[in-house]
Amino acid sequence: MNMKSNFLVVSTSLNQDSKSRVMAKIACDSLKKLGAEAEVNWLDLQEVELPICDGGRAYEHPNLPAVKELIEKADGIIVAIPIYNYASGAMAKNLIELTGRAWTEKTVGFLCAAGGRSSYMSVMGLANSLMLDFRSLIIPSFVYADGNAFDDAGGITDEAVRARIEKLSSELIRISNSLKRAA
Ligand SMILES: Cc1cc2nc3c(=O)[nH]c(=O)nc-3n(C[C@H](O)[C@H](O)[C@H](O)COP(=O)(O)O)c2cc1C
């Protein structure tokens, strides 16, 4: 078994001014800083075009193998999600529909950007599906930030949110590494 840890940060918002993408970048930097020798990869769905899952021909898309490989080789994954209509944005769900079993037994943490405070349970549908279908281990302390956590330029102004992202990153490392050692 490769003992060098491997982490992946996925940004799923297609908005060029995405706030969850800002959160994802902070997580990526934290993992690089805290993860010592770990390999940290970045997957931005604004940079990699993926088809909408149709349960058929979409699985033959040429961009899919590289994306699946990034997920498969990761010990732990942080997924940054925009909240739309009281649920995870469709691109995050679409990614899981396209890559399915690649998520098996991964440790997964979520970063959510929302407009308001009341959608804080929105990520649970996605979390449940990862747990039930692929036995992913979901880190309970996900990060939820509403519009007040950001300035007009999209930078994070709420230091508590930044600290929670760093905490989630360190939890991802701690849990993934413990599971790797125990395997
Ligand atoms: C179609 C749409 C639906 C949205 N639905 C919600 C919602 O249910 N709850 C909420 O708090 N914010 C909602 N928002 C606000 C977004 O969550 C917010 O703009 C967030 O910053 C999106 O993440 P992003 O900046 O990474 O794209 C919605 C925005 C859009 C465009």
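Across region 48-94, what is the total count of residues that are outside any helix (DSSP H, G or I) and closer than 19 Å to Leu111 by Cα?
16
Counting only residues that are touching a helix residue (DSSP H, G or I) at 6+ places or on another chain (Cβ under 8 Å), modelled with pLDDT under 95 and not polar (S, T, N, Q), how many does region 1-34 have?
3
Cβ-Cβ below 6 Å, separation at least six or inter-chain, first residue in region 155-180 and farther than 13 Å from Asn6 by Cα, second of a type in the set (S, T, N, Q) and at pLDDT 95 or above: which pairs?
Glu166/Ser30
Mind checking which residues of region 136-158 are assigned to a strand (DSSP E or B) and exposed (fewer than 15 other Cβ atoms within 10 Å of the Cβ)?
Quick first cut of region 136-158, residues assigned to a strand (DSSP E or B) only: 137-138, 143-145, 150, 156.
Matches in region 136-158: none.
Mind checking which residues of region 138-152 are away from the ligand (no atom under 13 Å from the Cβ) and either aliphatic (A, V, I, L, M) or in contact (Cβ under 8 Å) with a residue 60 or more places away in the chain (or both)?
Ile138, Ile139
Does region 95-135 hold any residues that are of a type outside the set (Lys, Arg), more than 10 Å from the ligand (Cβ to nearest atom) and in a loop (DSSP other than H, G, I, E, B), and which are they? Let's see the steps before the verdict.
Step one: list which residues in region 95-135 are of a type outside the set (Lys, Arg), which gives 95-100, 102-105, 107-116, 118-134.
Add one more test, that the residue is more than 10 Å from the ligand (Cβ to nearest atom), and what stays is 95-100, 102-105, 107-110, 121, 123-134.
Within region 95-135, Thr104, Glu105, Met121, Val123 meet the criteria.
Looking only at region 159-183, count how many residues are part of a helix (DSSP H, G or I), loosely packed, with under 12 Cβ neighbours inside 10 Å and modelled with pLDDT under 95.
The qualifying residues number 3.
Return the pair list, or none, for Cβ contacts closer than 6 Å from residues in region 115-137 that are closer than 10 Å to Ile83 by Cα to residues that are aliphatic (A, V, I, L, M) and within 7 Å of the ligand (Cβ to nearest atom), at least 6 apart or on different chains.
The qualifying pairs are Ser119/Ile83; Ser122/Ile83.
The values are calculated or read from the model by the stated rules, or taken from the named source; none is laboratory data. Here the structure is a predicted model, which means the values were calculated and not measured. Cβ atoms come from the backbone with ideal geometry, glycine included; neighbour counts cover every protein chain shown.
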